[in-house]
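Chemist: Take a look at the following structure, please.
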């Protein structure tokens with residue numbers, strides 16, 4: 001194998017790894033599906049509890065024998081730990097190991113999925129959502145910021161408030177999820193017009 005092909009494989013592997021990490025860092029959201037794979041249990045029990053679990057509007061999943069567990073806003077690894085602890089605390093399994101993967105539900109991202117854009121924008125309202133929608137694109141879909149629109153942006157995702165500074169390139173490229181609520185705050189008295 002040539003050095004170039006080894007380098008190409010390494011770069012591609014690194015890119016795939018970064019993509020997976022970015023997806024996991026978003027955290028579990030209502031409407032997602034959480035795929036749980038249990039290990040360290042008898043085969044029949046593993047088959048019984050492993051599977052896909054729909055995240056409710058309240059941010060919970062309903063698990064066999066332990067009922068509802070709150071997972072919204074958690075990264076996949078923390079959601080897995082919460083599930084493990086729920087089974088341990090209930091005395092059902094003594095040492096479960098859970099692997100969790102967030103699967104964004106395609107139905108949530110269908111034709112009717114939107115993000116809400118408000119505050120100091122030209123046309124406040126719903127902007128159609130599509131996979132990979134970025135903050136800058138959602139603002140452009142709302143006619144962009146008005147002359148009074150500032151750099152500070154509030155993003156509400158589920159029950160979580162995220163404060164963003166639009167001057168930063170990584171914020172302009174911030175990936176949105178269905179049902180995100182974006183509010184452009186008013187420009188401060190000493191804020192310069194720099195994008």
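Chemist: Could you run through region 165-178 and say how many residues are in contact with a strand residue (DSSP E or B) (Cβ under 8 Å, 6 or more places away or on another chain), surrounded by fewer than 18 Cβ atoms within 10 Å (Cβ to Cβ) and part of a loop (DSSP other than H, G, I, E, B)?
Modeler: Here the count works out to 2.
Chemist: Quick check, is residue 87 assigned by TED's automatic domain parsing to the domain that holds residue 65, crowded, with 18+ Cβ neighbours inside 10 Å and modelled with pLDDT of 90 or more?
Modeler: yes
Chemist: Can you pull out the residues in region 128-141 that are more than 11 Å from residue 184 (Cα to Cα) and over 18 Å from the mean Cα position of the chain (by Cα)?
Modeler: Hits for region 128-141 are 140, 141.
Chemist: Does residue 185 satisfy the condition of being modelled with pLDDT under 90 and either out of contact with any strand residue (DSSP E or B) (no Cβ under 8 Å at 6 or more places or on another chain) or under 25 Å from residue 29 (Cα atoms) (or both)?
Modeler: no
Chemist: If only one of 82, 115 is over 23 Å from residue 155 (Cβ atoms), touching a strand residue (DSSP E or B) at 6+ places or on another chain (Cβ under 8 Å) and modelled with pLDDT of 90 or more, which one is it?
Modeler: Within the list 82, 115, the selection yields 82.
Chemist: Could you go through region 149-164 and let me know if any residue there is assigned to a loop (DSSP other than H, G, I, E, B) and more than 18 Å from the chain's Cα centre (by Cα).
Modeler: No, there is no match, as no residue in region 149-164 is assigned to a loop (DSSP other than H, G, I, E, B) and more than 18 Å from the chain's Cα centre (by Cα).
Chemist: Does residue 139 meet the test of being outside any strand (DSSP E or B), at pLDDT 90 or above and within 30 Å of residue 33 (Cα to Cα)?
Modeler: Details: outside any strand (DSSP E or B): yes; at pLDDT 90 or above: yes; within 30 Å of residue 33 (Cα to Cα): yes.
Answer is yes for this residue.
The values are calculated or read from the model by the stated rules, or taken from the named source; none is laboratory data. Not measured: the values here are computed from a predicted model. Here the Cβ is made from the backbone with ideal geometry for all residues, glycine too, and neighbour counts use every protein chain on show.
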